[in-house]
Amino acid sequence: MHGGLPAFPLVLADLGFPGWLRATHWINVFFIGYLLRSGVQILASYPRLYWNDNTKPGTEWIKFTKKDPPTDKLWTTLDQEEDVSPVLAQPGKSHLGLGRHWHFLAALFWILNGLVYVVLLFASGEWRRLIPTSWSIVPDAIRTFVTYATFHLPPASAFNPYDPLQQLTYAAVVFILAPFLIVTAAAQSPALEAQFPWYPKLFGGRQRARSLHFLGLLAFIAFTILHTALVLITGPGRNFGDIIFGQHDHDQGLAVALGIGLIAVILAVYALTSWTSLRWPRPLHNLLALPIRPFLKGLTYGSRSRQEYAPAEISPFFLVNGAPPESAEYLNLLWRDFDSYRLEVDGLVERPLCLSLDELHAMPQQNQITKHNCIQGWTGIAEWCGVPLGEIVRRCRPRANARYMIFWSYSHDTAGKPYYESIDIRLADHPQTILAYEMNRHPLPMPHGAPLRLRVETQLGFKMVKWIRRIEFVESYTSIRDGQGGSREDEKQYEQSAGI
Ligand SMILES: Nc1nc2c(c(=O)[nH]1)N[C@H]1C(S)=C(S)[C@@H](COP(=O)(O)O)O[C@H]1N2
Ligand SMILES: [Mo]
């Protein structure tokens, strides 16, 4: 027994904290920092939180923006995105695309690390320090709380090695808060929601899941602040000794120095990775995407949309993203009710098509009430009616080497070039993938893409090109424009397969 230290009934107390526990603790700190920082970045791209899925500005329960809808012009949701300082966000500015990549990458490693930790916790018997085995811990924890709340410290004998309040808090963070963040995160994926519409409903809808995920983030921040404060208040030498060397009678000064050094290194890595992301967004995107792309692709091609909302659930208000076309060519079409509009279908096809709206209307129809998920975070439910994309594919007969369909728009992206997006040809035969010409039983309104827009219900909104001019079948998108698979991929580092 170590002199003067509380006797601990288990042999564990003599063993101190094992190396794997100390390692997983610091790896956890490292990735949680990334999750918090990139979470702030994601939030900033649509800085309003809702309790319902009709994300009308003004009906949010909290907002982190001073911007309000202008009354004199169309307000696209990109106009709502906020710049954030790289001190707070990963990587900073308005890099939603990269922020998401950091978030997913960190989540992947954080979950892996968490699994290793939990497995070893049970394999080693260390779980006994965390999981209460008697209800008496509740009154004990309340007593400890009162002690702290009246600005006293519990006696050393209360720590074996954790005091009851600490033990309960740690157990709650590991076994309740962390899983809660994972399940509320999953409820925000459009591919998961499209395939299992009941799942986000468990949380009261997609926006509620987003709000709850945010509250989870606040809980994590509160825990981190309190935890760090108590580490410092209850004896930094002992505590750093535990978490660095696994023993608190080791060289305590060295332990504190190493602990602070470790935190400084972690902060420096955040700074360095933010800076490199802002400096070289494209290479960073491609690097970060390597481990997460297989998951995104799996979700994209492994899920089908089975959405069927009731007419009563249709959003009374549906946001607009993307500035409408301004070319004389398009305005001419619009003025003449799209009489002379022709959808061109070409590229790697046996039979190029040139279809008028009448011809499109004469084809089989698909009607669906679905939820739109913008990558920025807002949603809206609407009824869409149009031609199943599979119908077009059947008619134009793609060549064997055709793998992607490029949708070219009449409108321009923020770089001033025609908006385009690619989808894998396999998504075309999903029954709810359609070329929509009606929204909520009216001809597609101009701001929403008249005369024709894509709906791919397992994907994020940016894939659903509005004001479609032409569909081109290609083998690969790498030689188109910047080669990333679409306007938003080229300009904003969004991911080509967009199921999350
Ligand atoms: N041509 C074009 N299509 C586009 C966009 C755009 O900027 N240009 N924005 C996309 C994005 S990011 C979203 S969320 C949806 C929004 O559709 P809505 O304006 O009908 O709500 O359109 C997508 N289609
Ligand atoms: Mo979007």
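The values are calculated or read from the model by the stated rules, or taken from the named source; none is laboratory data. Worth saying up front: this structure is predicted, and the values here are computed from it rather than measured. Cβ sites come from the backbone with ideal geometry, for glycine too, and all protein chains shown count toward neighbours.
Considered as a group, the residues in segment 117-143 that are aromatic (Phe, Trp, Tyr) and at pLDDT below 95 include one that is surrounded by the fewest Cβ atoms within 10 Å (Cβ to Cβ), and that residue is 135.
Rundown of residues vs (1) touching a strand residue (DSSP E or B) at 6+ places or on another chain (Cβ under 6 Å); (2) not charged (D, E, K, R), yes/no style:
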| residue | (1), (2) |
| --- | --- |
| 310 | no, yes |
| 317 | no, yes |
| 334 | no, yes |
| 341 | no, yes |
| 358 | no, no |
| 376 | no, yes |
| 399 | no, no |
| 408 | yes, yes |
| 421 | yes, no |
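Do we have residue 383 as away from ligand 1 (no atom under 16 Å from the Cβ), in contact with a Pro (Cβ under 8 Å, 6 or more places away or on another chain), of a type in the set (D, E, K, R) and in contact (Cβ under 8 Å) with a residue 12 or more places away in the chain here? Here the answer is no, as residue 383 does not meet what is asked.
Quick one: in segment 435-449, which of the residues that are buried (at least 24 other Cβ atoms within 10 Å of the Cβ) and among the hydrophobic types (A, V, I, L, M, F, W, C) is farthest from ligand 2 (Cβ to nearest atom)? Among those residues, the one meeting the criterion is 435.
When you scan segment 187-213, how many residues do you find that are touching a helix residue (DSSP H, G or I) at 6+ places or on another chain (Cβ under 6 Å) and small (Gly, Ala, Ser)? Adding up the residues that qualify gives 3. Report yes if some residue within segment 432-444 is within 14 Å of ligand 1 (Cβ to nearest atom) and outside any strand (DSSP E or B); otherwise report no. Checked segment 432-444: at least one residue is within 14 Å of ligand 1 (Cβ to nearest atom) and outside any strand (DSSP E or B).
Scanning segment 458-481 turns up at least one residue that is touching an Asp or Glu at 6+ places or on another chain (Cβ under 6 Å) and within 16 Å of ligand 2 (Cβ to nearest atom). Note on segment 172-242: enclosed helices (runs of 4 or more DSSP H) holding 1 or more residues that are within 15 Å of the chain's Cα centre (by Cα) and crowded, with 18+ Cβ neighbours inside 10 Å are 178-186, 190-195, 198-201, 206-233.
Pairs are defined by a Cβ separation below 8 Å, a sequence spacing of at least 6 or placement on different chains, a first member in segment 470-498 that is more than 20 Å from residue 414 (Cα to Cα) and among the polar types (S, T, N, Q), and a second member that is part of a loop (DSSP other than H, G, I, E, B) and within 12 Å of ligand 1 (Cβ to nearest atom); the pairs so defined are 497/459. Residues in segment 279-310 that are aromatic (Phe, Trp, Tyr) and within 25 Å of residue 381 (Cβ to Cβ): 301, 309.
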